[in-house]
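The values are calculated or read from the model by the stated rules, or taken from the named source; none is laboratory data. Predicted model only: the values in this text are computed from it and were never measured. A quick note on method: Cβ atoms are made from the backbone with ideal geometry, for glycine too, and the neighbour counts reach across all protein chains shown. With ligands, DNA and RNA removed, areas are computed over all heavy atoms of the protein, side chains included. Shrake-Rupley method; radii C 1.70, N 1.55, O 1.52, S 1.80 Å.
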Amino acid sequence: MASISNYMSSPVITVDILDSVEQAVSLMERNCIGGLPVLEDGKLCGIITSRDARHAHMNRIIADAMSKNPVFIYASTSLWDAINLMERKKVERLPVLERGELVGIVTKKNLLAEAGKHEDTLTGLKRAPYLRYMAENILRQEKDLTVIFFDINGFGKINKKYGHVRGDICLKIIGRLLAERTENGAYFSGRYAGDEFLAVTAEDTERSTEWAVKIINEVAVLTKEFGVPINIVAGVARGLRDDTGIEPYGTTAVDNLINKASLASTISKEKGIHVTCV
């Protein structure tokens, strides 16, 4: 999982609770930053931003101008959990703690830039790290997890026959369908790699299979209309939270299900059927 420890700025520029507002403003201007964590006896106790400073007298101490009880995260927090927290709390920066000590700081601008790297530029879908995060999140909510692995039949031959540009357009068609067919947020889809796509959901095997067949049929119709007929197959793997034999929402459990779904899609190819469930 992409944790904040990979993206935080460290060491952190800080101020003491008894420093003046003027000192804080000078530090922010000198370092071109919009906010500073405030420490008291070495511990995080607040945060002062340029907006806070504008509403305070320069000779006042920071304790009079800072925002108390600052929102913070831990170094092990995931990239997407941090972004969600920022949006929920409407803050632009978060101090990062580890064992109660301030170890870094992250800004919303930087995290959104990092999150953008996990989007597939061709299809606009999320990539594998985000899908693993969503899968773990489903398990964290004490729900069972279903993984659907889509694969294109003979995509290499299609590229050779119709050209890579038209092949890429077909990938975009699949991506658009997966992005649109979320069933009110029940399915989270992305591009796994190459001509492989992945979806994760808490829906049961029967509903997930019906959803996968719907996607497969729509892809066949739309790509045929485009003039580059494509057939995709799927493998569906369902993991009961209490039957994994390992930690309930660890990466190993998710990777095992992805692997099972991938192997099931291979069986679908070999048997010439739409979906194989395991």
Q. Taking amide H positions as placed 1.01 Å from N in the peptide plane, with prolines and chain starts having none, which residues 5 or more places from THR182, or on another chain, fall under 5 Å of its amide H?
A. none
**Q.** Nearest-20 debye value, the chain charge dipole, Cβ charges on Lys, Arg, Asp, Glu
**A.** 920
Q. In whole Å, how far is the Cα centre of the range 1-50 from that of the range 249-278?
A. 47
Q. How far is it, in nm, from the label point at ASP41 to the one at GLU183 when both lie 7 Å from their Cα along the line to the Cβ?
A. 5.5
Q: Let me see the pair-distance distribution of the range 156-278: every alpha carbon pair, 5 Å bin width, integer percents in order.
A: 2, 10, 19, 23, 20, 13, 7, 3, 2, 0
**Q.** Using a Förster distance of 30 Å, the FRET efficiency for ILE33-LYS117 (Cβ separation, nearest 0.05)
**A.** 0.85
Q) Taking only pairs that are 8 or more places apart or on different chains, how many Lys pairs in the range 155-268 have Cα atoms under 20 angstrom apart? A) 9
Q.
So, R0 is 22 Å and r is the distance between the beta-carbons of LEU18 and HIS57; what FRET efficiency does that work out to, to 0.05?
A. 0.90
Q: Please arrange VAL21, VAL213 by accessible surface area, largest first, computed with a 1.4 Å probe and ligands excluded.
A: VAL213, VAL21
(Q) Is the C-alpha gyration tensor of the range 106-204 telling us rounded, prolate or oblate? Criteria: a/c under 1.5 is rounded; beyond that, a/b larger than b/c is prolate, otherwise oblate. (A) oblate
Q) About the Cα centre of the range 139-278, what is the dipole size in debye to 20, counting +1 per Lys and Arg Cβ and -1 per Asp and Glu Cβ, all else neutral? A) 700
Q: Assign one of three labels to the range 28-85, namely rounded, prolate or oblate, based on the Cα gyration tensor with a ≥ b ≥ c the square roots of its eigenvalues; rounded applies when a/c is under 1.5, prolate when it is not and a/b is larger than b/c, and oblate otherwise.
A: prolate
Q. Per q in 0.09, 0.12, 0.16 1/Å, what log10 I(q)/I(0) does a Debye calculation on the alpha-carbon atoms of the chain return?
A. -0.56, -0.79, -1.10
Q. Hey, could you pull the Cα Rg and Dmax for the range 11-164, both in Å?
A. 21.8, 74
Q) Once phi is turned into θ = phi - 60°, what whole-Hz ³J(HN,Hα) does the Karplus curve with 6.51, -1.76 and 1.60 give for every residue of the range 139-149, x standing for Gly and Pro? A) 5, 5, 7, 6, 10, 6, 10, 10, 10, 10, 10
(Q) Taking 30 Å as R0, compute the FRET efficiency from the Cβ-Cβ separation of THR251 and SER50 and round it to 0.05. (A) 0.15
Q) From the phi of every residue in the range 62-69, what ³J(HN,Hα) in whole Hz does the Karplus formula 6.51 cos²θ - 1.76 cosθ + 1.60 yield, where θ is phi - 60° and glycine or proline is x? A) 4, 4, 7, 10, 6, 8, 7, 6
**Q.** TYR192 long-range amide H proximity, modeled H, under 5 Å
**A.** PHE197, LEU198
Q.
If amide hydrogens are placed 1.01 Å from N in the peptide plane, which non-local residues have theirs closer than 5 Å to the one on LEU44?
A. LEU102
**Q.** Cross-link partners of LYS109 among aspartates and glutamates (Cα-Cα below 20 Å; sequence separation of 8 or more within a chain)
**A.** GLU29, ASP52, ASP81, GLU87, GLU92, GLU119, ASP120
Q. For the chain, what is the calculated [θ] at 222 nm in deg cm²/dmol (nearest 500), taking -39500 (n - 2.57) for each run of four or more DSSP H residues and dividing by its residue count?
A. -13500 deg cm²/dmol
(Q) Out of the GluC sites (Glu not before Pro) in the range 107-177, which ones are loop residues according to DSSP with at most 16 other C-beta atoms within 10 Å? (A) GLU142
Q.
For LYS143, what accessible surface area do you get with a 1.4 Å probe? Give it in Å², rounded to 10.
A. 90
